[in-house]
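Just below is one structure, and these are the notes that go with it.
The values are calculated or read from the model by the stated rules, or taken from the named source; none is laboratory data. These figures come from a predicted structure and were not determined experimentally. Neighbour counts run over all protein chains shown; Cβ positions are idealised from the backbone, glycine included.
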Amino acid sequence: MKTNANDFDALHHVAIEVNDVQRALDWYRSRFAAEVVYQDETWAMLRFSNIYLALVTPGQHPPHIAVEHEHAERYGELNRHRDGTASVYIKDSEGNTLEIMKKMP
């Protein structure tokens, strides 16, 4: 049994679908203490103290949860993203989308 928190994989972010990135950012920032760490017309990333929240537009990225994994390449070929991360999308046993991200040093 793992007992050290460093032995566990980490949830990196949850991605939810929004129709208007700026409107969604304004809504979240007016209600919560969070920092915008990336933004363009198709998606944005907010940093909370314990997790990130991605706001994605339909068709750009699927709604998903992202897990950091030291050996993400074991799940498939990694794709490099605009923000410098690398990941692969998979489905879990129930059809939910997961993004497996290469753990950054």
Open item on the list: So the check is Cβ under 9 Å with 6+ separation or different chains; which pairs have a first residue in the range 7-23 that's under 29 Å from His71 (Cβ atoms) and a second one that's surrounded by fewer than 13 Cβ atoms within 10 Å (Cβ to Cβ) and of a type in the set (Lys, Arg)?
Closed with: Phe8/Lys2
Task: Pick from the range 29-58, criterion out of contact with any helix residue (DSSP H, G or I) (no Cβ under 9 Å at 6 or more places or on another chain) and surrounded by 13 or more Cβ atoms within 10 Å (Cβ to Cβ), ranking: nearest to Gly84 (Cα to Cα) - done: Tyr38
Open item on the list: Restricting to the range 62-87, name every residue that is in contact with a Lys or Arg (Cβ under 9 Å, 6 or more places away or on another chain), surrounded by 14 or more Cβ atoms within 10 Å (Cβ to Cβ) and not charged (D, E, K, R).
Closed with: His69, Ala72, Leu78, Thr85, Ala86, Ser87
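Sort out which residues of the range 60-81 are out of contact with any Leu (no Cβ under 9 Å at 6 or more places or on another chain) and either touching a residue at least 12 places away in the same chain (Cβ under 8 Å) or of a type outside the set (D, E, K, R) (or both), and write them in order of number.
Initial filter on the range 60-81 (out of contact with any Leu (no Cβ under 9 Å at 6 or more places or on another chain)): 60-63, 69-71, 73-74, 76-81.
Residues satisfying the conditions are Gln60, His61, Pro62, Pro63, His69, Glu70, His71, Glu73, Gly76, Leu78, Asn79, His81.
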Task: Filter result (out of contact with any strand residue (DSSP E or B) (no Cβ under 8 Å at 6 or more places or on another chain), in a helix (DSSP H, G or I) and aromatic (Phe, Trp, Tyr)) within the range 17-59 - done: Trp27
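Considering only the range 58-70, I want to know if a residue exists there that is among the polar types (S, T, N, Q), at pLDDT 95 or above and over 15 Å from Lys103 (Cα atoms). Write out each step before concluding.
Here is the first cut: in the range 58-70, the ones among the polar types (S, T, N, Q) are 60.
Subsequent filtering for residues that are at pLDDT 95 or above retains none.
No, the range 58-70 contains no residue that is among the polar types (S, T, N, Q), at pLDDT 95 or above and over 15 Å from Lys103 (Cα atoms).
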Task: Those residues of the range 75-105 which are within 17 Å of Met45 (Cα to Cα), outside any loop (DSSP other than H, G, I, E, B) and of a type outside the set (Gly, Ala, Ser), in sequence order - done: Arg80, Leu98, Glu99, Ile100, Met101
